[in-house]
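What follows is one structure encoded as structure tokens, with my remarks underneath.
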Amino acid sequence: MNDLRIEPARSEDRLADWRAIHNTIIPTAVLSPDEVRERAGRHRLEVAYLGEVAVGCSTVRPPDEETPAATVIARTLAGFRRRGIGTALYERGLAHARTLSDEGVETVVLASNEEGLRFALARGFVEVERYVLPGDTVPFVTLRLAAQDQI
């Protein structure tokens, strides 16, 4: 994957690419440009490109009052999956998350995203919670990296 590059989502163009991928993969929780800008101030957002085409994005959330774990979320557009893009995003995110918390690593996947759930489970995550956002019908699944995989 020589033409894969991952860039921080800091500029308006990169934030727009991150938002487009997020909203495609998570249509039940569409974010506005202002919401993405606000998230970029709290979280590490990155975008994966093949050539000039945005194909994936990631979020790394630091621990907060709700969870002492850092959260890593890697998203790859359906047409570009199974090429190592999600793995590259995840591994970068995981390395950063481990600098943020000694309390573990979590991820969150939309329950209808069966490929995303398989991806997380294959990397040692186990389900810890399902929740539905107000007004939604599809739950999100919170998964935690199993203890032996965090070393």
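The values are calculated or read from the model by the stated rules, or taken from the named source; none is laboratory data. As the structure is a prediction and not an experimental result, all values here were calculated from the model. Glycine also receives a Cβ, built like all others from the backbone with ideal geometry; neighbour counts cover every protein chain displayed. Remember, those area values only see protein heavy atoms, side chains included, never the ligands or the DNA or RNA. Shrake-Rupley method; radii C 1.70, N 1.55, O 1.52, S 1.80 Å.
Quick look at the numbers
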{"read-out": "Flag for VAL53 being open to solvent by 70 Å² or more (accessible area, probe 1.4 Å) and modelled with pLDDT of 95 or more", "value": "yes"}
{"read-out": "Some residue of segment 105-115 being closer than 23 Å to ARG5 by Cα and either assigned to a strand (DSSP E or B) or out of contact with any Cys (no Cβ under 9 Å at 6 or more places or on another chain) (or both)", "value": "yes"}
{"read-out": "Selection from segment 8-55 of residues that are within 14 Å of the chain's Cα centre (by Cα) and assigned to a strand (DSSP E or B)", "value": "PRO8, ARG44, LEU45, GLU46, VAL47, ALA48, VAL55"}
{"read-out": "Selection from segment 60-85 of residues that are in a helix (DSSP H, G or I) and either out of contact with any strand residue (DSSP E or B) (no Cβ under 9 Å at 6 or more places or on another chain) or closer than 18 Å to VAL126 by Cα (or both)", "value": "ALA78"}
{"read-out": "Filtered residues of segment 66-110 (kept if closer than 24 Å to VAL138 by Cα and polar (S, T, N, Q))", "value": "THR67, THR71, THR76, THR107"}
{"read-out": "VAL128, sole failed condition from (1) of a type in the set (Val, Ile, Thr); (2) free of Cβ contacts under 8 Å to residues at least 12 places away in the same chain; (3) more than 22 Å from ASN23 (Cβ to Cβ)", "value": "(2)"}
{"read-out": "Residue ID - least open to solvent (accessible area, probe 1.4 Å), chosen from residues in segment 17-30 that are aliphatic (A, V, I, L, M) and either without any contact (Cβ under 8 Å) to a residue 24 or more places away in the chain or in contact with a strand residue (DSSP E or B) (Cβ under 6 Å, 6 or more places away or on another chain) (or both)", "value": "ILE21"}
{"read-out": "Residue match in segment 134-150 (condition: under 25 Å from SER11 (Cα atoms), open to solvent by 20 Å² or more (accessible area, probe 1.4 Å) and in a helix (DSSP H, G or I))", "value": "no"}
{"read-out": "Qualifying residue in segment 31-42 (condition: closer than 17 Å to HIS96 by Cα and in contact with a strand residue (DSSP E or B) (Cβ under 8 Å, 6 or more places away or on another chain))", "value": "yes"}
{"read-out": "Enumeration of residues in segment 4-16 that are open to solvent by less than 90 Å² (accessible area, probe 1.4 Å) and among the acidic types (Asp, Glu)", "value": "GLU7"}
{"read-out": "Residue, farthest from ALA48 (Cα to Cα), within segment 63-79, restricted to residues that are open to solvent by 30 Å² or more (accessible area, probe 1.4 Å), at pLDDT below 95 and not acidic (Asp, Glu)", "value": "PRO68"}
{"read-out": "Qualifying residues in segment 80-92 (those that are without any contact (Cβ under 8 Å) to a residue 40 or more places away in the chain and not small (Gly, Ala, Ser)) - the one most open to solvent (accessible area, probe 1.4 Å)", "value": "ARG82"}
{"read-out": "All positions within segment 93-125 that are more than 21 Å from ASP64 (Cβ to Cβ) and open to solvent by 60 Å² or more (accessible area, probe 1.4 Å)", "value": "SER112, GLU114, GLU115, ARG118, LEU121, ALA122, ARG123"}
